[in-house]
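Right, one structure below, let's go through it.
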């Protein structure tokens, strides 16, 4: 059997490696349009903060290693352009312009996502950069090395934008962030979002929310981001508005799309075509809390999806229960995390949400080094189910959120979660863990 994979990053290479382990006799071919496979994209902002550190340090395994040690035919510089599900053929062109064609028995589309770039004047200027692929990171580092970058403007205030603000300030670049939306982090409880804002401002990141971007102008090698009320000078502009799924190849082949135009898949990651699977940032998923389709592009889900596809094409019967949207990010000295639904999402999904926000401590009373932790917890008044948790603090957040994620996976009620036996020692938390304290307070509202 011939297993063809389009896309050579998280989902694609996870599927290729696991398929080859499952069935060493399987012919596995990976088509990757860039020259990079299997790299840590999430590490790019931190790498950019170290100008002398090679971006290739983020490569987990090079293409030739997959070929030589695992017998996977990884073809870099191969851009798939068309898919014929009936004839089971993929056609495309190589980096040097040569056409290619591959047939297959089973296909995985793992084309990932692309940065959202506004169709506005100036966004094609050389100093305007997005950060998604390893080559994007390579270009940003090269541009910063070749130019005297003293001022940066980040368009967008999502995960990547926030991480890039820290990276730029770490190398003493004056940094401003701007976006059309009026709220810094619209999904986060205001009491928590305000803490993130204070952290950014304390590190001299200027924030300009509620500013519609009209264009980017260039004059004497410098740029200006023009909004109706303000003009922000920049030597480099980072576009971090968000990403969109690369689903055009599937759509053109008549394969069904879903939420946010992501490729629709079932719990086995199979698309509307029986021989085609999709995984990673290009595909949708089932939300663990609502059971509804969602699109949440995250690294673990991409890797897990690749494994599931490999197992299914090798004859195992694997279904993934879904995703809770568990995520964590760092902003200077602050940790911020979430899992499950926001209050608005819960309401839109038919729940009757109750919520509570508390402020507690990261360590036991009077233990040295204790810092505040703020938590929002959401539960359903009708069923008592735990629906979502958000946390912000300088310590004890990144891993503590995992307890809430496990509770969501097991459809626990707030009451049941409040009775869990969580660990205690003074350097790590109060006797009543912050999550338990929050659950006990939420129970009063349910």
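What residue, among those in the range 201-221 that are assigned to a strand (DSSP E or B) and in contact (Cβ under 8 Å) with a residue 60 or more places away in the chain, is surrounded by the most Cβ atoms within 10 Å (Cβ to Cβ)? Before you say what the answer is, go through the steps one by one.
Keep residues of the range 201-221 that are assigned to a strand (DSSP E or B), which gives 205-209, 215-219.
Next, from what is left, pick out any that are in contact (Cβ under 8 Å) with a residue 60 or more places away in the chain: 215-218.
On the way: 215: 13, 216: 24, 217: 14, 218: 14.
Looking at the filtered set, the residue picked out is 216.
Within the set 51, 45, the sole residue that is touching a residue at least 12 places away in the same chain (Cβ under 8 Å), farther than 27 Å from residue 274 by Cα and touching a helix residue (DSSP H, G or I) at 6+ places or on another chain (Cβ under 6 Å) turns out to be 45. The single condition among (1) surrounded by 20 or more Cβ atoms within 10 Å (Cβ to Cβ); (2) in contact with a strand residue (DSSP E or B) (Cβ under 6 Å, 6 or more places away or on another chain) that residue 308 does not satisfy is (2). Scanning the range 105-126 for residues that are surrounded by fewer than 20 Cβ atoms within 10 Å (Cβ to Cβ), in contact (Cβ under 8 Å) with a residue 40 or more places away in the chain and in a loop (DSSP other than H, G, I, E, B) yields 105, 116, 117, 118, 120, 121, 122, 123, 125.
Taken together, 382, 316 contain a single residue that is under 30 Å from residue 3 (Cα atoms) and assigned to a loop (DSSP other than H, G, I, E, B), which is 316.
Annotation: of all residues in the range 51-70 being part of a loop (DSSP other than H, G, I, E, B) and over 22 Å from the mean Cα position of the chain (by Cα), the one that is nearest to residue 171 (Cα to Cα) is 51. Within the range 394-431, the set of residues being within 29 Å of the chain's Cα centre (by Cα), over 17 Å from residue 380 (Cβ atoms) and free of Cβ contacts under 8 Å to residues at least 24 places away in the same chain comprises 399, 406, 422.
For residue 15, the requirement of being assigned by TED's automatic domain parsing to the domain that holds residue 92, touching a residue at least 60 places away in the same chain (Cβ under 8 Å) and either on the phi < 0 side of the Ramachandran plot or within 20 Å of the chain's Cα centre (by Cα) (or both) is met.
Please enumerate the residues belonging to the range 170-186 that are in contact with a strand residue (DSSP E or B) (Cβ under 7 Å, 6 or more places away or on another chain) and more than 16 Å from residue 233 (Cα to Cα).
Going residue by residue through the range 170-186, those that are in contact with a strand residue (DSSP E or B) (Cβ under 7 Å, 6 or more places away or on another chain) are 173-179, 181-184.
Answer for the range 170-186, where residues must be in contact with a strand residue (DSSP E or B) (Cβ under 7 Å, 6 or more places away or on another chain) and more than 16 Å from residue 233 (Cα to Cα): 181, 182, 183, 184.
The values are calculated or read from the model by the stated rules, or taken from the named source; none is laboratory data. For clarity, every value in this text was computed on a predicted model and none was experimentally measured. When we count neighbours, we look across all protein chains shown, and the Cβ atoms used for this are built from the backbone with ideal geometry, even at glycine.
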